[in-house]
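Step one of this worksheet: look at the structure below.
The values are calculated or read from the model by the stated rules, or taken from the named source; none is laboratory data. The model shown is predicted, which means the values in this text are computed figures rather than measured ones. Methodologically, a virtual Cβ is constructed for each residue, glycine included, from the backbone with ideal geometry; neighbour enumeration extends over all protein chains shown.
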Amino acid sequence: MERFLQWIERISALAAPPAVVVLVMALGLVLVTRRWLFRLVGMALVYFFVGVLHTQVIRPEVVLVKLLIGVVVCLALGVTGQAVGGIEATKVNNSGKPEKGVRFRWRNLLRWREDVPLRTFALFAALLIAYAGSLRFPLPQVPFLVGLSCYLLAMVGLFLAGMAETPLGVGMGLLVFLNGFDLFFGALEPSLVVAGLLGLIQFLVTFAAAYLTLARAE
Amino acid sequence: MLALIGIGLLSLTSVLTYFLRRWRRMSLLLAAIVSTALGFGIALIPPDLTLMFGGQEWSLGGTVTFLGRSVVLGPGAQVGLTFLFLIGAALFLLAWPLESGELFAPVGLGVLALLTAALVVRPLVYAVLILELAVAFSVLLLRGGMGGARYLTFFVLALPGPLVAHWLLDMYALTPDQTGLLNTASVLIGFSFALMLGLVPFHPWVPALARRESPLSVALIFSAVGGTVWFLLLDYLQTYPWLGRSPYWSSALTALGVGTVVVGGLLGTTRRGWGALLGYAVMVDTGMLVLALGRGGAVGLELERAMMLTRAWGVLTMAAGLSAVGAAGGAEHGRSPWGAVAAAAGLLSLAGFPPTVGFASRWGLYRLLFPEQPLMVLALLLASAGLVVGLLRMLPHALMPDLSRPRALLAVDLLLLLATVGAIGLGVFPQFLIYR
């Protein structure tokens, strides 16, 4: 455990700028793609790199708890995504007419959905707003890169929740938004109870989104 | 201490009713008994009463420390908890014949426990966090879909405001010359409550939720969760009195209130189903509540409390009627004339139409506003009439009896009749509910 905490601290000192870059890429994966597997990988990366940025503002032990929350949230999202896929496949099989795109095919990865340009534009808009916001209204008590990441997470979370067509997509957007707020508020309020309650809210939001998604699919 | 007992009892019963969920009626009856007992217990037991237990003296009211946090049962929280528990009891009773979901009792009780905690815990920053937990938990009452997701979204977006405002107020205590901190805190708190109350332009979740979901679950969210948001807002105003003294406060509330009433009334004229009509009626009523709050002073506060009570009665009666009609989805109308009558009585009450219970409190607001702003009162009356237009467009089909399936008067019809008579009777004799 001790070695792991030292490892996290070392990463944090070295890796703030690369962490922001990877965070942008991970957010792009969540916002632009619509395959749940890619989105899940994106969410896992978001949780990990937000954890790395967290080490700049809170104690590593608390960061560890937040990473564990991220693992549980991603597991719940993964199980839900797979279950929804299963339900959809069953529906198709029952109708006796398998539709294109239900089975996984590598060549489908190269196909773009019609809204990819819009989503890419939304990502760039979020980047621009986050950069301008962190210059014009810098967040108190956090370094510039952490402030930029907070703005970015909040903006992408808002876009995701607003553009989503399913409760699972809305849930992912809310989780990204909450991550951004948590990153900022962790620096303002070091209370463990508040950190715990924010973590519990993330759990419940995940389960609420999963419940709404599965209830709708059934 | 009494509040802690209430939270413990509700949580315990929630777990118990979960295991009893196969026997739906038994679990609902148990939930209704516990809620009623707690409601009357909080209302009737004097808070300064002390008990000897384990060689220690325990005060039932006042302030208790639990896990390092203060739990305060003051007069305001006492009113709020009584309101919450009695609404819960009424909903569990109505759910007995009208709601088929197995999880209504356990999830409903869990939500009530969390809302109780939100009303009594201090500082208020914890109240907001616990309210958020209650909102996420209450989603389990819904059938699934985007309405629930939108409801969750608006409440999650409201979370940062009060938390950051709490930190700003801590900063202000250290540097009292920076009055800008107070202004920022006011804006953040106001913005968050506007999101949670569904004021224009943050209203889309209100009709979206009511349109597709089970009416009694929606009633629990509008009455219990919505009521808790109102009580928390009043707590904020009591804890931070400078919020209400801001020069922009009254004008902002008037603008938001009138906007919400007018938009709700206009949309209410459209024919989008019974569920959506409930949502628009709640918007109109919320706008009126905001206007009453904007008046400030003792009269405004008294009106506010009266309107909260009458709103709960209207929402519950309408939701019970809609459950019976079975038409929350809008397209296929079930045929239950008694249900349609109850839904109409509830809607007329929410629209403030005489002689329903909603009119009694609304009349007070109109009288307060008319000498200064007669045009605004005219706009409010027209907006309320919009809901009545919507009702008239929905009613004829719903009132038609189903002649192919004649049936005797059922217990559920008597329950609906009781709610309808209550909505009209309390309008004729409002002193039993308000203006005491």
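Data overview
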| quantity | calculated |
| --- | --- |
| Any pair with Cβ under 6 angstrom, 6 or more apart, that starts in region B:62-87 at a residue that is under 22 Å from B:TRP230 (Cβ atoms) and within 14 Å of another protein chain (Cβ to nearest Cβ) and ends at one that is surrounded by fewer than 19 Cβ atoms within 10 Å (Cβ to Cβ) and among the polar types (S, T, N, Q) | B:SER70/B:THR63 |
| Scope region A:194-205; condition facing chain B (nearest Cβ under 8 Å) and either under 20 Å from the mean Cα position of the chain (by Cα) or in contact (Cβ under 8 Å) with a residue 60 or more places away in the chain (or both); matching residues | A:LEU197, A:LEU198, A:LEU200, A:ILE201, A:LEU204, A:VAL205 |
| Residue within region A:158-174 that is touching a residue at least 24 places away in the same chain (Cβ under 8 Å) and closer than 18 Å to A:VAL57 by Cβ present | no |
| Filtered residues of region B:349-376 (kept if more than 14 Å from B:GLU302 (Cβ to Cβ) and without any contact (Cβ under 8 Å) to a residue 40 or more places away in the chain) | B:PHE353, B:TYR366, B:PHE370, B:PRO371, B:GLU372, B:GLN373, B:PRO374, B:LEU375 |
| Subset of region B:101-145 (residues that are among the aromatic types (Phe, Trp, Tyr) and facing chain A (nearest Cβ under 10 Å)) | B:TYR126, B:PHE137 |
| Exclusive hit being assigned to a helix (DSSP H, G or I) and within 24 Å of B:ALA77 (Cα to Cα), set B:ALA194, B:ALA173 | B:ALA194 |
| Every residue from region A:184-193 that is part of a helix (DSSP H, G or I) and facing another protein chain (nearest Cβ under 7 Å) | A:PHE185, A:LEU188 |
| Qualifying residues in region B:127-175 (those that are more than 22 Å from the chain's Cα centre (by Cα) and free of Cβ contacts under 8 Å to residues at least 12 places away in the same chain) - the one surrounded by the most Cβ atoms within 10 Å (Cβ to Cβ) | B:TRP167 |
| Residue check for B:VAL200: buried (at least 23 other Cβ atoms within 10 Å of the Cβ), in contact (Cβ under 8 Å) with a residue 60 or more places away in the chain and touching a Gly at 6+ places or on another chain (Cβ under 9 Å) | no |
| Number of the condition not met by B:SER323 [criteria: (1) surrounded by 24 or more Cβ atoms within 10 Å (Cβ to Cβ); (2) modelled with pLDDT under 85] | (2) |
| Checking A:ALA208 against (1) more than 20 Å from A:GLY70 (Cα to Cα); (2) at the interface with another protein chain (Cβ under 7 Å from one of its Cβ atoms), the condition it does not meet | (1) |
| Filter pass, B:THR228 being over 23 Å from B:LEU380 (Cβ atoms) and either out of contact with any Phe, Trp or Tyr (no Cβ under 8 Å at 6 or more places or on another chain) or surrounded by 23 or more Cβ atoms within 10 Å (Cβ to Cβ) (or both) | yes |
| Index of the failed condition, A:ASP182 passing every other in (1) in contact (Cβ under 8 Å) with a residue 12 or more places away in the chain; (2) closer than 18 Å to B:VAL139 by Cα | (2) |
| Flag if A:PHE181 is among the aromatic types (Phe, Trp, Tyr), facing another protein chain (nearest Cβ under 8 Å), assigned to a helix (DSSP H, G or I) and crowded, with 24+ Cβ neighbours inside 10 Å | no |
| Test for A:LEU139: is it within 15 Å of A:VAL21 (Cβ to Cβ), aliphatic (A, V, I, L, M) and touching a residue at least 12 places away in the same chain (Cβ under 8 Å) | no |
| Subset of region A:6-23 (residues that are over 20 Å from the mean Cα position of the chain (by Cα) and either at pLDDT 85 or above or polar (S, T, N, Q) (or both)) | A:GLN6 |
| Filter result for B:LEU195 (at pLDDT 95 or above and either under 16 Å from the mean Cα position of the chain (by Cα) or away from chain A (no Cβ under 11 Å) (or both)) | yes |
| Among the candidates B:ALA328, B:ALA345, B:ALA360, residue that is over 24 Å from B:GLY80 (Cα atoms), within 21 Å of the chain's Cα centre (by Cα), of a type in the set (A, V, I, L, M) and at pLDDT below 90 | B:ALA328 |
| Enumeration of residues in region A:120-164 that are among the small types (Gly, Ala, Ser) and under 18 Å from A:GLY51 (Cβ atoms) | A:GLY147, A:SER149, A:ALA154, A:GLY157 |
| Per-region count, region B:146-178, residues among the aliphatic types (A, V, I, L, M) and within 8 Å of another protein chain (Cβ to nearest Cβ) | 8 |
| Options B:LEU220, B:LEU181; residue that is surrounded by 19 or more Cβ atoms within 10 Å (Cβ to Cβ), more than 10 Å from every other protein chain (Cβ to nearest Cβ) and free of Cβ contacts under 8 Å to residues at least 40 places away in the same chain | B:LEU181 |
| Selection status of A:LEU174, part of a helix (DSSP H, G or I), surrounded by 24 or more Cβ atoms within 10 Å (Cβ to Cβ), more than 8 Å from every other protein chain (Cβ to nearest Cβ) and aliphatic (A, V, I, L, M) | no |
| Any hit, region A:145-154, residues being within 10 Å of chain B (Cβ to nearest Cβ), in contact with a Phe, Trp or Tyr (Cβ under 6 Å, 6 or more places away or on another chain), surrounded by 20 or more Cβ atoms within 10 Å (Cβ to Cβ) and modelled with pLDDT of 95 or more | yes |
| In region A:157-171, the residues that are of a type in the set (Gly, Ala, Ser) and facing chain B (nearest Cβ under 8 Å) | A:ALA161, A:ALA164, A:GLY171 |
